[in-house]
Amino acid sequence: MKQTAEQTTVKPVATKYVYDALKEKILSFEIYPGSRVTESELADLFMVSRTPVREALLRLENEGFLTIRPKQGCFIKPINIEELGEYYGVRTALEVAAVEGACHYMPESELQHLLHLWSPDQALVEHSADQMEDKDESFHIALALGSGNSTLVRYLQDVNDHIRIIRRVDFQDEERIKRTYAEHHAIIEAILGREVDKARNLMKRHIQRSQDFAKTLTLTQLAKKKAGVSRFEQVKAL
């Protein structure tokens, strides 16, 4: 039986809806890290068939947000603060290497473009946490690309995949967003001046502040969620 154009459109739309909604619940800890959910629960929750739920879960698994275990269900990735600290240590080393390379090789025109994007005035524009996360990650990848080291870029992208859930909470505070703009702007100015030591030190402090803030906020949010309703009640209430 041939599918109509309307039927072929509904499936990807439903999958995207489930993917977006479920990802938001994971990132906001409304579904507690380490929790188990099933396709049938989620299908009932989002009032869709199990097919778009299954496809959304596969996509989220590929992105590292959960693990699918046959005949057991889906398990939201637990947050290991100690492990995240190790990833941040690797990230710091990579980011420092990136700014060193950028000081030597990144064209002035590209740096001037970044300087405009990260002008402190831009911090006054309203941003969602997702938008800030994307823009922040793009900034750091741009510097890595500017270093001319493609291997460094790949490793940095891999580290970002592992810490994305904690980086997102870094941008739920207006003052933190303003500070990020100011710190990025200062880093770019140092690179433009080809001041390697200054750029390196600014980047180290920037990553450390980001890690400290995100860790504190993550632990606070986790404690609040744990003290609240059960995992099943959380899912039902979404």
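The values are calculated or read from the model by the stated rules, or taken from the named source; none is laboratory data. These figures come from a predicted structure and were not determined experimentally. A quick note on method: Cβ atoms are made from the backbone with ideal geometry, for glycine too, and the neighbour counts reach across all protein chains shown.
When every residue of region 180-196 is checked against the conditions, at least one turns out to be under 30 Å from Lys25 (Cβ atoms), in contact with a Phe, Trp or Tyr (Cβ under 7 Å, 6 or more places away or on another chain) and not polar (S, T, N, Q). Search region 157-177 for residues being over 13 Å from the mean Cα position of the chain (by Cα) and touching a residue at least 12 places away in the same chain (Cβ under 8 Å), and hand back the single one that is farthest from Leu222 (Cα to Cα). For region 157-177, the residue satisfying everything is Ile177. Annotation note: of Val125, Val169, the sole residue that is surrounded by 15 or more Cβ atoms within 10 Å (Cβ to Cβ) and β-branched (Val, Ile, Thr) is Val169.
If Val229 satisfies every condition in (1) at pLDDT 95 or above; (2) not in a helix (DSSP H, G or I) but one, which is the exception? Just one mismatch for Val229, condition (1).
Return yes when His140 is buried (at least 16 other Cβ atoms within 10 Å of the Cβ), under 18 Å from the mean Cα position of the chain (by Cα) and in a helix (DSSP H, G or I) and no when it is not. It is true that His140 is buried (at least 16 other Cβ atoms within 10 Å of the Cβ), under 18 Å from the mean Cα position of the chain (by Cα) and in a helix (DSSP H, G or I).
In region 29-121, counting only helices (runs of 4 or more DSSP H) that sit wholly within it, the ones holding 3 or more residues that are touching a residue at least 40 places away in the same chain (Cβ under 8 Å), of a type outside the set (D, E, K, R) and surrounded by 20 or more Cβ atoms within 10 Å (Cβ to Cβ) span 50-62, 81-105.
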